[in-house]
Amino acid sequence: MIGEKGKLLYTVYRALTYGLSPFLYIHLRFRVLRGVEHPVRWPERLGRASTLRPPGHLIWFHTASLGEGMAAIPVIKRCMEEKPDCAILMTSTTASAFEIITTRLPIGVIYQCIPKANSCMTSVDVTLGASTAQFAPLDIPAAINAFLGYWKPNAIMLMEGELWPNLILGASRNGIALALLNARMSAKSFSRWSRPILLPLISFMLSKFSVIIPLSTMQGIHFQLLQAPPYVINFSGDLKYAVEEFDISKRGVQGIEELKVQLAHRRVWMVSSIHRGEEEVVLGVHKVLMHMYPDMVTIIVPRYPQHGREIAIELQKQGLSVALRSRDEKLVSGTSIYVVDTLGELRHFYTLTPIAVIGGSFLPGLTGHNISEAAAAGCAVLTGHHVGHFLDMVLKMQQSNPLSVLQVSAEELVEALIELFSNSEILEVRRLAAKQAFQSLSSGIVANVWNHINFNVLRHALR
């Protein structure tokens with residue numbers, strides 16, 4: 001009965017997205033004009049390929065954000081090691097994620113020359129065991145059909161919450177195996193899908209997956225409540241623990257090394273991934289600490305680079321001396337705030353500070369960010385209470401070592417930092433606890449994920 005209702009709801013969804021396609025095309029062009037979409041490669045969002053398909057078997061990994069893409073890369077590397085004759089296609093939906101991820105993919109990536117005219121396709125050398133990066137198609141019938149018809153993937157690996165009806169059911173109609181890796185659903189999405197009118201549709205979609213690997217037990221329960229087949233749910237741990245070292249440009253390395261020298265004799269703390277409104281919390285804390293520690297430096301890494309530039313401009317209006325990463329500005333005497341308005345360097349900046357405060361967590365409505373990168377770098381880790389699905393990561397680290405992560409409110413943040421600045425023993429204990437918890441929780445995750453993928457998906461899909 002639910003299956004029939006699900007089919008009916010999908011028919012309605014497919015008809016709606018088909019009817020809205022012209023308007024979505026106009027919206028896409030508007031996003032291009034605003035600089036949100038890639039200025040040349042935007043036709044890929046309509047399912048139009050811009051490079052040649054490698055011959056033979058192909059696995060498609062799809063991610064939305066930069067964090068999901070970075071979490072997928074260790075699995076992609078394992079796939080290339082275990083299945084060297086299988087090509088890898090990777091897609092993302094945001095321009096910022098695309099620009100960073102293309103520099104992080106394994107050796108063997110097919111780099112495409114971008115033509116100036118959208119009407120031509122560049123010829124490239126396509127080899128087995130290579131990986132290709134593209135933008136993901138919109139979830140409209142024409143784009144999905146064009147994409148699947150051209151690339152003909154043998155299997156699709158969707159990351160986290162990328163549950164799109166046309167994509168999933170279109171793949172199923174074409175006999176393409178599906179896996180959902182690091183599967184999660186926000187409380188808002190779970191509540192929406194749980195409504196009686198939408199439950200048959202999500203249940204129908206989830207029934208098409210060969211394997212679902214939730215990032216936590218609670219997320220697994222969510223998928224079971226949404227009527228995913230119990231036998232497809234398998235647990236491996238959170239892929240965001242699979243932190244890998246990535247190279248940065250020579251200029252970037254030089255900049256990091258210069259900062260290490262500039263910070264060598266100064267107290268440092270860093271706040272990362274802050275959202276709009278949280279800068280007021282950070283700057284309030286900064287002013288209090290500056291009275292006690294005049295040599296202190298606060299490193300601010302906003303979630304979005306443009307926000308960082310806005311913060312720097314506002315602080316300069318207040319007469320404060322601010323150094324901006326994108327301008328390669330130095331931390332001269334009298335400069336106590338360093339704003340990182342670039343992407344892809346966060347892991348390297350964690351190596352510059354003994355204390356990392358993870359933002360996106362100090363105001364209601366926010367849902368936290370990945371704390372494992374800071375722990376891997378050996379920072380004392382603090383975060384707020386509004387952490388969304390990252391609560392599972394916080395609790396697991398605290399269970400591994402109670403001193404690994406400290407959750408504080410915006411009001412408690414000052415006192416917590418004063419304690420760490422004033423007591424070197426407590427600081428070192430928290431740094432060691434965070435690193436030990438990370439090492440304990442990160443062990444074997446990629447291998448476990450690969451085993452589930454290989455057994456449940458690839459051994460059938462790659463025959």
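Points to keep in mind about this one:
- Probe 1.4 Å, all protein chains present, accessible-area order of ARG192, ARG325, largest first: ARG192, ARG325
- Accessible-area composition of segment 212-347, carbon plus sulfur, in percent [1.4 Å probe]: 55 percent
- Each part reduced to its alpha carbon centroid, segment 146-165 and segment 353-367 end up 33 Å apart.
- Long-range HN-HN contacts of PHE61 with modeled amide H, under 5 Å: LEU89, MET90, THR91, MET157
- What the phi angles of segment 285-300 give under the Karplus curve with 6.51, -1.76 and 1.60, with θ = phi - 60°, is a coupling list of 5, 4, 5, 5, 5, 5, 5, 8, 10, x, 8, 6, 10, 9, 9, 10 Hz, glycine and proline written as x.
- By accessible area, using a 1.4 Å probe on protein heavy atoms only, segment 1-80 has 69% of its surface on carbon and sulfur.
- For segment 153-270, the Cβ-based charge dipole about the Cα centre amounts to some 380 debye (Lys, Arg positive; Asp, Glu negative; other atoms uncharged).
- With all protein chains modelled, accessible area of VAL429 [1.4 Å, Å²]: 70 Å²
- Relative contact order, percent, the chain [alpha-carbon distance under 8 Å, six or more residues apart]: 13 percent
- Helix 424-442 vs. the chain, principal-axis angle (Cα, 0 to 90°, nearest 10): 10 degrees
- Violating pairs (Cα-Cα greater than 22 angstrom) within the set LYS240/LYS396; LYS77/LYS208; LYS77/LYS188; LYS240/LYS435; LYS83/LYS396: LYS77/LYS208; LYS77/LYS188; LYS83/LYS396
- Listed residue (GLY69, ALA49, LEU33) projecting farthest to the positive dipole end of segment 1-69, Cβ model: LEU33
- Accessible surface for TRP42 stands near 20 Å², nearest 10, in the context of the full protein assembly shown (1.4 Å probe).
- Using θ = phi - 60° in the Karplus curve 6.51 cos²θ - 1.76 cosθ + 1.60, the 3J(HN,Hα) couplings for segment 401-409 round to 8, x, 8, 6, 9, 10, 9, 9, 7 Hz; x is entered for Gly and Pro.
- Accessible area (Å², per residue) of the chain, counting only protein heavy atoms and a probe of 1.4 Å: 44 Å²
- Dimensions in Å of the chain - Rg and Dmax from alpha carbons: 23.1, 71
- ARG34 - accessible surface, heavy atoms, 1.4 Å probe, Å² rounded to 10: 140 Å²
- Under the Karplus curve 6.51 cos²θ - 1.76 cosθ + 1.60, θ = phi - 60°, whole-Hz ³J(HN,Hα) for segment 73-86, x wherever Gly or Pro sits: 4, x, 5, 4, 4, 5, 4, 5, 6, 7, 10, x, 8, 10
- The distance separating the Cα centre of segment 178-242 from that of segment 395-445 comes to 30 Å.
The values are calculated or read from the model by the stated rules, or taken from the named source; none is laboratory data. This is a predicted model, so every value here is computed, not measured. FYI the Cβ positions are ideal-geometry reconstructions off the backbone, even for glycines, and counts take in every protein chain you see. Ligands, DNA and RNA are stripped out before the accessible areas are found, and what is left, the full protein with its side chains, is counted by its heavy atoms. Shrake-Rupley method; radii C 1.70, N 1.55, O 1.52, S 1.80 Å.
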